[in-house]
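The values are calculated or read from the model by the stated rules, or taken from the named source; none is laboratory data. Note that this is a predicted model, so its numbers are computed, not measured. Glycine gets a Cβ as well: all are built from the backbone with ideal geometry, and neighbour counts include every protein chain shown.
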Amino acid sequence: MDDIEGRIIQNKEIVSGHYLLKVKLAKPMNTPIPGQFAMMKLPDSEVFLRRPFSIYDYRQDTAYFMYKVVGKGTHSLSRTGKNSTVSLLCPLGKGFNIQKRDAYVVVAGGIGIAGVHLLIKRLGKQAIIFFGCNRAEELALMRYHINLNPYVSTLDGSYGFHGNVVQLLSKHLKTICKSNIEVFTCGPENMFVSLRRLLEKMRIPCQASFEERMACGLGLCFGCVKKTLDEKEPYKRVCKEGPVFDLWQVCL
């Protein structure tokens, strides 16, 4: 983990309220594992604490972040212009553990695609992708993966399956299910609840990347804990032991 200064070279709105940020780093960071994140210090002096962002992509000395405007920090970032300076603690956290499987299913809900983009790049054509969003306009978030023929759902029915992404997965699970399959997911926690209920009968392994508010990102403040089934140390830090957890070990 390093504290690296970076210069914004692009901060582009790709769909309403969603942005792709490109940051030129002063020095290379350690190659991130899919699922890891960065803590970003914004140039806005009124945003005191760093903000966590999934590392969407990394090429040579450029880091990419896809984010959704949801609060003061991301609103400030969306208004930050080209050539502004940010500071990044990166890469942080525990990413996805890719083991040899017969099939890899990736389930992303909305901006959760930012947390699995590197994973999909690593898996390539081996990835069976399920993506859920609110409306057809948000398919722009998936633009780099359209060639992998993802299964798509929209809540308003404007494209693909009319419903949520877990309902879509349930229609195809028996078809794609093999003896050695694993699911990787990122999205809102209520999606994880539905997903676990779906996978429960077959007890399919599932790694989930959790989104959580963080203060330090280093495991020092214990402000981002999740309760797990670990009897000795039930409370795990999303920033340190996560953000990727075994879905079956987290109390939802």
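Considering only residues in the range 88-107 that are under 13 Å from Gln207 (Cβ atoms) and in contact with a Leu (Cβ under 9 Å, 6 or more places away or on another chain), the one that is surrounded by the fewest Cβ atoms within 10 Å (Cβ to Cβ) turns out to be Ile98.
Select, from Val15, Val47, the only residue that is modelled with pLDDT of 95 or more and of a type outside the set (Lys, Arg). Break it down stepwise before answering.
Numbers: Val47 fails: modelled with pLDDT of 95 or more.
Within the list Val15, Val47, the selection yields Val15.
If only residues of the range 216-238 that are in contact with a Pro (Cβ under 7 Å, 6 or more places away or on another chain) and modelled with pLDDT of 95 or more are counted, the one that is surrounded by the fewest Cβ atoms within 10 Å (Cβ to Cβ) is Lys227. Among residues that are in a loop (DSSP other than H, G, I, E, B) and either crowded, with 16+ Cβ neighbours inside 10 Å or at negative phi (or both), Glu5 is not included.
Taken together, the residues in the range 19-28 that are surrounded by fewer than 21 Cβ atoms within 10 Å (Cβ to Cβ) and in a strand (DSSP E or B) amount to 5.
Just to verify a result, which residue in the range 37-61, among those that are among the aliphatic types (A, V, I, L, M) and assigned to a loop (DSSP other than H, G, I, E, B), is farthest from Cys221 (Cα to Cα)? Top of the filtered list is Ile55.
Looking at the structure I just gave you, is Lys12 crowded, with 18+ Cβ neighbours inside 10 Å and more than 16 Å from the chain's Cα centre (by Cα)? Don't jump to the end; show me each part of the working.
Details: crowded, with 18+ Cβ neighbours inside 10 Å: no; more than 16 Å from the chain's Cα centre (by Cα): yes.
Considered against the rule, which asks whether it is crowded, with 18+ Cβ neighbours inside 10 Å and more than 16 Å from the chain's Cα centre (by Cα), Lys12 comes out as no.
Residues in the range 157-202 that are among the small types (Gly, Ala, Ser) and under 21 Å from His117 (Cα atoms) were compared, and the one that is surrounded by the fewest Cβ atoms within 10 Å (Cβ to Cβ) is Gly160. Out of (1) surrounded by fewer than 19 Cβ atoms within 10 Å (Cβ to Cβ); (2) over 20 Å from Leu173 (Cβ atoms), what's the single condition that is false for Asn149? Of (1) surrounded by fewer than 19 Cβ atoms within 10 Å (Cβ to Cβ); (2) over 20 Å from Leu173 (Cβ atoms), only one is false for Asn149: (2).
Out of Thr31, Thr80, I need the residue that is in a loop (DSSP other than H, G, I, E, B) and in contact with an Asp or Glu (Cβ under 9 Å, 6 or more places away or on another chain). Which one?
Details: Thr31 fails: in contact with an Asp or Glu (Cβ under 9 Å, 6 or more places away or on another chain).
Being in a loop (DSSP other than H, G, I, E, B) and in contact with an Asp or Glu (Cβ under 9 Å, 6 or more places away or on another chain) holds for just one of Thr31, Thr80, which is Thr80.
Within the range 43-79, being surrounded by 14 or more Cβ atoms within 10 Å (Cβ to Cβ), closer than 17 Å to Ile14 by Cα and among the charged types (D, E, K, R) holds for Asp57, Lys68.
Identify, from the list Val152, Val238, Val183, the residue that is within 27 Å of Tyr67 (Cα to Cα) and free of Cβ contacts under 8 Å to residues at least 40 places away in the same chain.
Working: Val238 fails: free of Cβ contacts under 8 Å to residues at least 40 places away in the same chain; Val183 fails: free of Cβ contacts under 8 Å to residues at least 40 places away in the same chain.
Val152 is the lone residue from the list that is within 27 Å of Tyr67 (Cα to Cα) and free of Cβ contacts under 8 Å to residues at least 40 places away in the same chain.
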